[in-house]
Amino acid sequence: MGYLPLTESFQWRYNEPSSLKALWKTGSYNVMTKGAVMEFQSANHLAIDGIAGPKTWTALDKAYHEKRMNPYGYTYVLVSEKSPETLQIWTNGKLVLTSLANTGISQRPTAVGTFPVYLRYYSQTMSGTNPDGTHYSDPGVPYVNYFYGGDAIHGFWRKSYGFPQSLGCVELPVSQAKIAWSYINYGTLVTVQRGGTPTSNPSGSYSHYPNLHEGIYNNSYVMKLQKILGITADGDFGPKTLTAVKRFQQAHGLVVDGIVGPKTWNALLS
């Protein structure tokens, strides 16, 4: 009925990403099957638990004989922590959205793996405790899709995107989160892939480190930068960090633009 991207003979309907294809195992009640059950339950106003109990079986049998197809289409979300961090959405085998995204900082990393969306809010107040013990409360966070514990895909207001900045969630620009909301449903699978750890290569290039600039907040790379510069390592690239970067660039004969790109990283880490 279209709740899985496979035919009744278990052939792929669409040209799906390899990360999704790798999940399928015929005869196994794995995360793909659970997500499909959850989406069916949502479409048929049943309790969304991913369990094919008596009520779900009855509804499945009826919908199958009435040839009622999945009204949403098959959607898959792929989040990459490789810099710059991105989120992609595939629906019926077509890439319908690519957006820069922010995942969790090192103290609160985003869960890695594949999980079905289990809870959604059009808007929500998010509150909790920061790594330093202070409390936060963000009202009106839009387009929230929880996929693992407190980790959710949602819109959030940042000056920049593409770097670890959140406390575990996958943050998108609000305009992109609105588009994502229109495709994601209960049961939609979300895969979070870990990015490579930035290290130097034999040529001494640090090009795998992300470009940093003023306005990036709660970022583990900014903390590393601040430690090297000998200033307070709070993870926020504010005016003090900008001044320190410019002083370092001037002292090392670099372009004084306040942007920490490959050349500045090379000088910092040499």
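Scanning the range 221-270 for residues that are of a type in the set (S, T, N, Q) and surrounded by fewer than 17 Cβ atoms within 10 Å (Cβ to Cβ) yields T232, T243, Q250, S270. Among the residues making up the range 116-127, those that are out of contact with any Ser or Thr (no Cβ under 8 Å at 6 or more places or on another chain) and either closer than 22 Å to F40 by Cα or surrounded by fewer than 16 Cβ atoms within 10 Å (Cβ to Cβ) (or both) are Y118, L119, R120, Y121, Y122, S123.
Kindly provide the set of residues from the range 150-181 that are among the small types (G, A, S) and either assigned to a loop (DSSP other than H, G, I, E, B) or out of contact with any strand residue (DSSP E or B) (no Cβ under 9 Å at 6 or more places or on another chain) (or both), ordered by number. Spell out how you get there, then give the answer.
Taking the range 150-181 first, the residues among the small types (G, A, S) are 150, 152, 155, 160, 162, 166, 168, 175, 177, 180.
Those that are among the small types (G, A, S) and either assigned to a loop (DSSP other than H, G, I, E, B) or out of contact with any strand residue (DSSP E or B) (no Cβ under 9 Å at 6 or more places or on another chain) (or both): G150, S160, G162, G168.
Please go through (1) closer than 14 Å to I184 by Cα; (2) not in a strand (DSSP E or B) for S83 and return the number of the only condition it doesn't satisfy. All conditions pass for S83, except number (1). The residues of the range 12-47 that are at pLDDT 95 or above, surrounded by 15 or more Cβ atoms within 10 Å (Cβ to Cβ), in contact with a helix residue (DSSP H, G or I) (Cβ under 7 Å, 6 or more places away or on another chain) and not polar (S, T, N, Q), listed by number, are V37, F40, L46. Give me the pairs, please: first residue somewhere in the range 71-96 and of a type in the set (D, E), second residue anywhere and part of a strand (DSSP E or B) and surrounded by fewer than 18 Cβ atoms within 10 Å (Cβ to Cβ), beta-carbon distance under 8 Å, and either six or more positions apart or on two chains. Going by the 8 Å Cβ cut-off, the qualifying pairs are E81/Q193; E85/L100.
In the range 128-149, which residues are assigned to a strand (DSSP E or B) and surrounded by 12 or more Cβ atoms within 10 Å (Cβ to Cβ)?
Start the filter on the range 128-149 by keeping residues that are assigned to a strand (DSSP E or B), which leaves 128-129, 135-148.
Of everything in the range 128-149, those that are assigned to a strand (DSSP E or B) and surrounded by 12 or more Cβ atoms within 10 Å (Cβ to Cβ) turn out to be G128, D138, V141, P142, Y143, V144, N145, Y146, F147, Y148.
The values are calculated or read from the model by the stated rules, or taken from the named source; none is laboratory data. Note that the structure is predicted; figures quoted are calculated from it, not measured. Glycine gets a Cβ as well: all are built from the backbone with ideal geometry, and neighbour counts include every protein chain shown.
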